[in-house]
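Data first, discussion second: the structure below is written as structure tokens.
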Amino acid sequence: MKEKWAAHDVPDLHGRLAVVTGANTGLGFETAKVLAARGASVVLAVRDVGKGKQVAARIADTVPGADVGVQDLDLSSLDSVRAAADQLRTAHSRIDLLINNAGVMYTPKQTTRDGYELQFGTNHLGHFALTGLLLESMLSVPGSRVVTVSSVRHRQATTDFDDPRSERSYRRVPAYGRSKLANLLFTYELQRRLSGKAETTSVAAHPGIANTDLIRNSPAALRGLFTVFGGLIAQSPEMGALPVLRAATDPKVQGGQYYGPDGFQENKGHPKQVESSEQSHDTDLQRRLWTVSEELTGVAFPV
């Protein structure tokens, strides 16, 4: 029986640069740690630089010789995204991996600094803008990839991208699913635009149900389930990071693919290629979201 894909399958990454958003905790931290251990130069793109430096030191303690830097990035502020992209382009001549991992989940109704609903604005618009602003540094880099982290929750999402400020209504669970659906629509539309024109590919992944800090804003009933049955219904951040790592580093991965756990309902397990919802493959919806995102962020892609 073929051994299941695991962290030791990540190939040697010396000479490659990876930018990981939201790398202070959870999936982002585990992803960054493995990439550094395999030789990549890693930039932790985080909102709290102080914590980011502590995390960089933790990785250096466990990975002798690790090359880990920290970049200030607040995805809920388009000004911060632009500043971070400028600094990254100045500091690095090329980017091999951009891992759009950071996110918020099930938050009470709030807005970004630019006035958009917080989950959609952070999880999708912030990453859309960051990718567009960094893509020029990736297009000619062989094997470069944009990996965007979605969720199994995208399957229950409805689409309402005409109300980015949630002025008509707001429910935190559907809003989260909508932002994760947007991640997939973006991934597939970006791959179509890149195909045959660049070295870069666009891939998506999801961690299943991972026991990370994101659970803190969940409804009380869900938090209770995690407290009592967490070990049964959720997996560790280390396991949750594996689909992201595979999407980012497996040489066999192709643009437009989606990776998640291989267990029951993709909740837990080792990473494999999985299928996303029919709605996520709606090309009209992909193009519509792209147009809306360009208008809301003011960022035009070089493809």
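Values quoted throughout were computed directly from the atomic coordinates according to the rules given, and no laboratory measurement underlies them. Since this is a predicted model, take the numbers as computed values, not measurements. Neighbour counts run over all protein chains shown; Cβ positions are idealised from the backbone, glycine included.
What to note about this one:
- Mean separation of Cα contacts under 8 Å (6+ apart) over length of the chain, as relative contact order %: 18
- Listed residue pairs exceeding 21 Å between alpha carbons, taken from Lys51/Lys272; Lys53/Lys268; Lys180/Lys252; Lys51/Lys109; Lys4/Lys252; Lys33/Lys180: Lys51/Lys272; Lys53/Lys268; Lys180/Lys252; Lys51/Lys109; Lys33/Lys180
- Unit charges on C-beta of K, R, D, E only; dipole of region 84-216, Debye: 340
- Distance between the modelled labels on Thr111 and Thr25, one decimal in nanometres: 2.7 nm (7 Å Cα→Cβ projection).
- Here r is the Cβ-Cβ distance between Arg168 and Glu3 and R0 is 45 Å; the resulting FRET efficiency, rounded to 0.05, is 0.35.
- Spin-label model distance (nm) - Asp86 vs Phe264, 7 Å beyond Cα toward Cβ: 5.3
- Overall form of region 40-130 per C-alpha gyration tensor (a/c, 1.5; a/b vs b/c): prolate
- In the chain, helices alone account for a calculated mean residue ellipticity at 222 nm of -11500 deg cm²/dmol, with every DSSP H run of four or more residues adding -39,500 (n - 2.57).
- Cα gyration tensor shape of the chain, rounded if a/c is under 1.5, else prolate or oblate by comparing a/b with b/c: rounded
- DSSP H segments from the chain that extend 15 Å or more along their own axis, Cα-based, with Kyte-Doolittle mean of -0.5 or above: 26-37, 49-62, 78-91, 172-194, 220-233
- A Gaussian network model of the chain, with springs between Cα atoms under 10 Å, assigns the largest mean-square fluctuation among Thr187, Thr112, Thr21 to Thr112.
- Positive-end extreme of charge dipole, the chain - chosen from His14, Ala66, Val55 (charges on Cβ): Val55
- The Cα atoms of region 1-62 give a gyration tensor whose axes a ≥ b ≥ c have a/c of 1.5 or more with a/b greater than b/c, which makes the shape prolate.
- Theoretical FRET efficiency, 1/(1+(r/R0)^6), r = Cβ-Cβ of Glu295 and Ser140, R0 30 Å, to 0.05: 0.60
- Label-point gap, in nm, between Lys252 and Arg94 - each point 7 angstrom along Cα→Cβ: 2.6
- Selection from Pro207, Ala85, Phe161 lying farthest towards where the dipole of region 9-295 points positive, charges on Cβ: Pro207
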